Amino acid sequence: IFNSLKKRWIMIVSLTLIAAIISAAISFFVIKPKYEATTKIFIGKDETESSAYSQSDVSMLQNLLKTYSEVIKTKDLTENAIDDSNLDLEVNEVLANLSVTSIASTQIMTISYQSQDPQEAKIILEKITSSFIEKSKELIPNGNVKVIETVEYPENPVSPNKKMNIAIAGILAMKP
């Protein structure tokens, strides 16, 4: 194996460099960066209810997160958010870039939206969140939905991971 590597080291190094350079060019100049805006929402009981939380209340609210996750991903709610934002987006495009995650064993839900435009990501997520809060009041009037982490302007792209792409290309090129 050592003799084989010794005879072909120039080819191995050359292929590794070429693959790394091509990967870098694609990562830096071809693939458009995507930015992700994120918010967190708390689902609780109505503030006017004076009784303390029981275990059944907490379980019910945790199960409600699954329902709310599906409500956020409805076309009607998304369309209202797009109309409010005055952005020229398609409903299916927004839904494809929207993710809703319930944090296990909590009453907290994370909503994220990815876009090539960081300002668009922030605006559409704010509008989706406000549309959802309005809709949740219609669905469960005695519920309490609050934003606990506001949407911030995403400054750094979440993809592509340029360093990882270059490293993978270099490693794959080293394989004989």
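Note down the magnitude of the dipole of the range 58-101 about its Cα centre, charges +1 on Lys and Arg C-beta and -1 on Asp and Glu C-beta and zero elsewhere, to the nearest 20 debye.
Working: 3 positive and 8 negative charges, 80 e Å.
It works out to roughly 380 debye.
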*Over the chain, what relative contact order in percent results from Cα pairs under 8 Å that are six or more residues apart?*
42
*Fraction of alpha-carbon pairs over 17 Å apart in the range 127-176 - percent*: 63
*Using 0.36 nm per residue, how much length does the chain from I22 to K146 gain when fully extended, once their Cα-Cα distance is taken away?*
40.0 nm
*Excluding residues fewer than 8 places away in the same chain, name every one of the lysines whose C-alpha is closer than 19 Å to that of K135.*
K40, K45, K66, K73, K75, K127, K146
*Net charge contributed by nearby residues that have their C-beta within less than 14 Å of K162 (K/R +1, D/E -1)*: +3
*Note the angle between two axes, namely the Cα long axis of helix 55-72 and the longest principal axis of the Cα atoms of the chain, as a number of degrees from 0 to 90, rounded to the nearest 10.*
60
*Where is the GNM fluctuation largest for the chain (alpha-carbon springs, 10 angstrom cutoff): F29, F132, F42?*
F29
*Quick one: length gained pulling I12 to S159 fully straight, 0.36 nm per residue minus the C-alpha distance?*
50.0 nm
*Identify, among Q107, A96, L65, the residue whose Cα sits farthest towards the positive end of the charge dipole of the chain, taking +1 on the Cβ of Lys and Arg and -1 on the Cβ of Asp and Glu, with the dipole about the Cα centre.*
A96
*Using only Cα atoms, tell me the angle between helix 2-25 and the longest principal axis of the chain; keep it within 0 to 90° and round to the nearest 10.*
40
*Using a 10 angstrom cutoff on alpha carbons, build the Gaussian network for the chain and name the most mobile of I18, I103, I111.*
I18
*asked:* I'd like the distance between the alpha-carbon centres of the range 146-175 and the range 97-133, rounded to an integer number of Å.
replied: 19
*Per residue, how much accessible area does the chain show when a 1.4 Å probe rolls over the protein heavy atoms, in square angstrom?*
64
*Convex hull (Cα only) mean projected area of the chain, reported in nm² to one decimal*: 14.6
*Angle between the Cα long axis of helix 75-85 and the longest principal axis of the chain, 0 to 90 degrees, nearest 10?*
80
_Could you work out [θ]222 nm for the chain from helices alone, using -39500 (n - 2.57) per DSSP H run of at least four and dividing by all its residues? Round to the nearest 500 deg cm²/dmol._
-17500 deg cm²/dmol
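The values are calculated or read from the model by the stated rules, or taken from the named source; none is laboratory data. Predicted model, so just to flag it, every value in this text is computed and none were measured. Note: ideal-geometry Cβ built from the backbone for every residue, glycine included; neighbour counts use all protein chains shown. Accessible surface is based on the protein model in full, side chains and every heavy atom, while ligands, DNA and RNA are left aside. Shrake-Rupley method; radii C 1.70, N 1.55, O 1.52, S 1.80 Å.
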